[in-house]
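A.B. asks: For reference, the structure I am asking about is given below.
None of the figures in this text is laboratory data; all of them are computed from the coordinates on show. Keep in mind it's a predicted model, so treat the numbers as computed, not measured. Reconstructed Cβ throughout: ideal geometry from the backbone, glycine too, with neighbour counts over all protein chains shown.
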Amino acid sequence: MGGKTTFYEVVRQRGISRRDFLGFCAMTATYLGLGPDGAGILAHAMQTKPRIPVLWLHGLECTCCSESFLRSGHPLATDIVMSMISLDYDDTIMAAAGDQAEAIISDIIRDYRGAYILAVEGNIPLANDGMACIVGGRPFKHQFDEAAKHAKAIIAWGTCASSGCVQAAKPNPTKATPVHKLVQHVPVINVPGCPPIAEVMTGVISYILTYDRMPELDNQLRPKMFYSQRVHDKCYRRAHFDAGQFVEQWDDEGARQGWCLYKMGCRGPTTYNACASIGWNENTSFPIKSGHGCIGCSEEGFWDRGPFYERLPDMHQWGVESNADKVAAIGAAALGVAVTAQLGATVVQRVFRKRKPEEQAEHKEPTE
Amino acid sequence: MTQVTTPNGFTLDNSGRRIAIDPVTRIEGHLRIEVNVDSANVIRNAVSVGTMWRGLEPILKGRDPRDAWAFVQRICGVCTGVHALASVRAVEDALGIKIPANANTIRNIMHLALYVHDHLVHFYHLHALDWVDVVSALSASPKATSDLQQSISPWPNASAGYFKDIQDRVKKLVGSGQLGPFRNGYWGHAAYKLPPEANLMAVAHYIEALNFQREIVKIQAVFGGKNPHPMWLVGGVASTINMHGTGASGAPINVERMNLITDIADRAHTFISQVYIPDLLAIASYYREWFKYGDGLASKNLLAYGDFPSKANDDSNSSLLLPRGAIINGDLTKLHEVDLRDPTQIQEFVPHSWYSYAGSNAGLHPWDGQTELDFKLGEKTRKTGDKIEAFDEGGKYSYVKAPRWKGHAMETGPLARMVIAYASGNRRVKELVDGTLKKLDLPLTALFSTLGRTAARGLEGLWAAEQLKEEIANLQAAIKSGNEATANTEKWAPSTWPREAKGVGYCEAPRGALGHWIRIKDEKIQNYQCVVPTTWNASPRDAQGNIGAYEAALLGVPMVNPSKPLEILRVIHSFDPCLACATHVIGPDGGELTVAKIL
């Protein structure tokens, strides 16, 4: 393997001061929620560790995860790729093609058995003997199985790899199957979102490299640090929800005031993701801030929970006994708009308290 | 066959050595290319195999048409947004919805930002390594590199010290033995012609462009909330404007947001004009022979649907900033009219695709298409174990269908757009094209080539960066005149819709002409079909044996070493392939079929 390049050495080579480097560590540690010692631990890791090989395979997908990853501002994608990891295979950006590309996979499996990370973007079609995705003349499933078997850990990028996403929406014609359902004995981290937020993707990688362990995961194998709170919990428009101030139709006065998009179908109340806290494109915005409701793209099965512009309590498929239309109708007649909103909020909260155990049961079952 | 001549005028000979490149990397999606080379290693036969499909159209059936944009946007995350744009336009066309002028301008801004981003990333991160030898950069003189940089551009990152730092960084990477994405590259290949200094300069800009590209898409994030996959809206845009009043700071578009996008657009224009274009010209000047190789269909048949309406709800050529039209048999004096609604114009054929039509091999217009998955390998397919060594182009061999315009195989993309705009007399495009050809001392016909395609994309990137600034100024002017409307909600409620409707929406994606055809019945999607740019370009043969743009462009290209297929990558990458998905699948009920391929 020759010399071992650490992240710190490379940033210093590029003329970045030690002070800036430590500032970067502090900022990243804060985003990762690592506590008071986090920055020091991160800095130490980046100054001492060699780069871990990563194989980044693509199944049925649209490459939005790769594109998102390249948008990362801290750390920069260039720094990750050139300094933090060794991204030996990623068909979106790699120089080699054909036989030269294929050889890399077998070389890494041979030379780094049990010591490389497999990153998977997209999912694996099982219908028609897996021939809906052919790579190197073979079903993608075969390439995936070989690479998965000897990996140290697997990162399932995006909703495709985590839970199926759009091609697994009903009727799932290709029988697109998420990664964790096809892997045994190798830990899997799901990083859902269509795509996931860039700094969440690079945050997961930095965390693994820094602490040399998997982040703490929830029952859907998502890192708790990024997926344990709802968009609604941290939304900058939340005060308008609580105050009963809603956008009633597109481009109305409420929309111009930045009021709550709940009535326009916003899925913020049922979506566990960091959009409202970390934000998109280096916190430039997130969907609600730009005036459109959340469509819940990090949630399993979200495509089948439409129409997206129908407001949440109309969604019966989660086992909600009382739908909020009834609640809202009573509220609107008897109590007026502001109180309706509060009732709505109560219903939503109740739904979520109820939903958790069902969610756990649901996720053990394979989807169609 | 050993040697045949196709009806569209190409001679194919599959008697020589067969080579497969799979995966073709630095593209979107999964593509395989097979070629036969003769004894002099010149390509004499080419086979383009689309190797994935995802089945989105049956998934769309029965859904709310206002949701369709979100589904189809997931066809591609690289040219993110283009399918959403085509989709909202298709639904608006079907339902007769007129969008406000600001919504049209904002969509243009988002779409132009994508052009700038996508073309830049394509050049540096998907295509440059076909021309730039990263390892050669290690032997460059930083001082000479600095001189070279300063001779071609006022770009400030030009000191010898800067290039020394970049060189040290690459040295460290190579020295570590862990080359990451540069592992197993074709370094030292005899087809690389750049001097070490040009290589070092290009490597520096590879890194700079990767760091800068994330800024450009923030324009999409401002209006759409995120990128990739911003949010869209049937009837307009969701990003409401509040420039003057209470609550403006919490509104999607306010003065701070306008300042942000203005700043980004300025910086993007600077980067394109001071880095991308000078690099493109510098690299091209060392590879002049590549203005001869890779023509294919380019000098014959070009197609563009046109885009960027300057007037909302007006897609006539007098409104479109990039015009619609077709050029046939290289006659630039005659621009043919293209009608996406005419059932005799755009048709798709499947004799060599993994689909079948009931009872006939006739072409079908997308509104009336029916398709059934039919994964079957030709009898001459060669396999070893689970691995297909060679597909049989005599049989079915791709998930890509063969679309034809009035029976012609067509090339689409930036080259087609620039040539069609040129032929229609677009002044700025003429200036850009003529100026560039003059600098390189090349005739107009040099455009019909691998580097012609690459150059057209760069020039279009510059055009888009200029137009982006103009559209932002237009939005600013409209707001100043008191117009802040962004959405038309008259027909938002499904109860206002006709019981049955059909529409077509289209746009020019960075990779070429993109069309979506929708049928709506009882407030739901009855049928949804997409014909996408790479379907045209990566098309397999049709029933008459006409070959598509990729296959045609590879013919006659000489290879230095067929086992290291750099030349094939050059030709194929010049099209910027996007093999996102192919979705011609039978409906779940076995009844009416939902059609579409997406490639």
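A.B. asks: Filter A:K289/B:K226; B:K292/B:K430; B:K300/B:K564; B:K61/B:K396 down to the pairs with a C-alpha to C-alpha distance above 19 Å, please.
C.D. replies: In this structure, B:K292/B:K430; B:K300/B:K564; B:K61/B:K396 lie more than 19 Å apart at Cα.
A.B. asks: Between A:D20 and B:Q274, how many nm apart are label points set 7 Å from Cα along the C-beta direction?
C.D. replies: Between A:D20 and B:Q274, the label points sit 1.8 nm apart.
A.B. asks: Around B:R44, under 14 Å between beta carbons, what's the net of Lys plus Arg minus Asp minus Glu among the other residues?
C.D. replies: -4
A.B. asks: Related question: What aspartates and glutamates sit close enough to A:K234 to cross-link, taking a C-alpha to C-alpha distance under 15 Å and skipping anything fewer than 8 places away on the same chain?
C.D. replies: A:D242
A.B. asks: Roughly how many nanometres apart are two label points built 7 Å out from the Cα toward the Cβ at B:H189 and B:E389?
C.D. replies: Result: 2.4 nm between the two label points.
A.B. asks: Under unit Cβ charges (Lys, Arg +1; Asp, Glu -1), what dipole magnitude, rounded to 20 debye, does the protein assembly as shown have relative to its Cα centre?
C.D. replies: So the dipole magnitude of the protein assembly as shown works out to roughly 1000 debye.
A.B. asks: Whole Å is fine, so just give me how far the alpha carbon centre of the stretch B:473-547 lies from that of the stretch B:262-322.
C.D. replies: Rounded to whole Å, the Cα centres lie 22 Å apart.
A.B. asks: Here's a follow-up. Counting only C-alpha contacts under 8 Å and six or more residues apart, can you give the relative contact order of the stretch B:320-415 as a whole percent?
C.D. replies: Rounded, it is 27 percent for the stretch B:320-415.
A.B. asks: Separate question: Can you give the longest run of chain B that contains no GluC sites (Glu not before Pro) sitting in a DSSP loop with at most 13 other Cβ atoms inside 10 Å?
C.D. replies: B:1-336
A.B. asks: Could you work out the helix-only [θ] at 222 nm for the protein assembly as shown, with each DSSP H run of four or more residues adding -39,500 (n - 2.57) and the total divided by the number of residues, to the nearest 500 deg cm²/dmol?
C.D. replies: It lands at -11000 deg cm²/dmol.
A.B. asks: Using the Cβ atoms and a cut-off under 11 Å, what net charge is assigned to the surroundings of B:N301, where Lys and Arg are +1 and Asp and Glu are -1?
C.D. replies: Here the count lands on +1.
A.B. asks: Under 5 Å between amide H atoms, partner at least 5 residues away or on a different chain: which partners does A:V135 have, H built in plane at 1.01 Å?
C.D. replies: A:F140
A.B. asks: Among residues other than A:A153 whose Cβ falls under 12 Å from its Cβ, what is the net charge (Lys/Arg +1, Asp/Glu -1)?
C.D. replies: That sum, taken over residues with Cβ under 12 Å, equals +1.
A.B. asks: Sticking with this structure for a sec: Gap in Å between the Cα centre of the stretch B:42-62 and the Cα centre of the stretch B:137-158?
C.D. replies: So the separation of the two Cα centres works out to 43 Å.
A.B. asks: Right, next: Among DSSP bridges having both ends in the protein assembly as shown, what percentage is antiparallel? Round to the nearest 5.
C.D. replies: Rounded to the nearest five, the antiparallel share is 70 percent.
A.B. asks: Take peptide B:482-493, look around each residue's Cβ out to 10 angstrom, count Cβ atoms belonging to other protein chains, and average those counts.
C.D. replies: Partner Cβ neighbours, averaged per residue: 2.
A.B. asks: Quote the FRET efficiency, to the nearest 0.05, computed for A:D129 versus B:R267 with a Förster distance R0 of 45 Å and r equal to the Cβ-Cβ distance.
C.D. replies: The computed FRET efficiency comes out at 0.35.
A.B. asks: Count neighbours as other Cβ atoms within 10 Å of each site's Cβ, and list the trypsin sites (Lys or Arg not before Pro) in the stretch B:355-394 that are DSSP loop with at most 15 such neighbours.
C.D. replies: When the trypsin sites (Lys or Arg not before Pro) of the stretch B:355-394 are filtered for loop state and at most 15 Cβ neighbours within 10 Å, B:K376, B:K380 remain.
A.B. asks: Taking a 24 Å limit on the Cα-Cα distance, which of the listed pairs A:K141/B:K376; B:K98/B:K521; B:K311/B:K480; B:K401/B:K491 fall beyond it?
C.D. replies: Pairs exceeding the cut-off: B:K401/B:K491.
A.B. asks: Dipole magnitude of chain B about its Cα centre, charges +1 at Lys/Arg Cβ and -1 at Asp/Glu Cβ only, in debye to the nearest 20?
C.D. replies: The dipole magnitude comes to about 540 debye.
A.B. asks: Sort out for me the Cα centre separation of the stretch B:89-108 from the stretch A:115-158, rounded to whole Å.
C.D. replies: Centre-to-centre (Cα) distance: 40 Å.
A.B. asks: Also, I was wondering about something else. B:A390's amide H: which non-local residues (gap 5+, or another chain) put their own amide H closer than 5 Å, with H modeled 1.01 Å from N in plane and none for Pro or chain starts?
C.D. replies: Those qualifying (amide H under 5 Å, at least 5 residues apart or on another chain) are B:R382.
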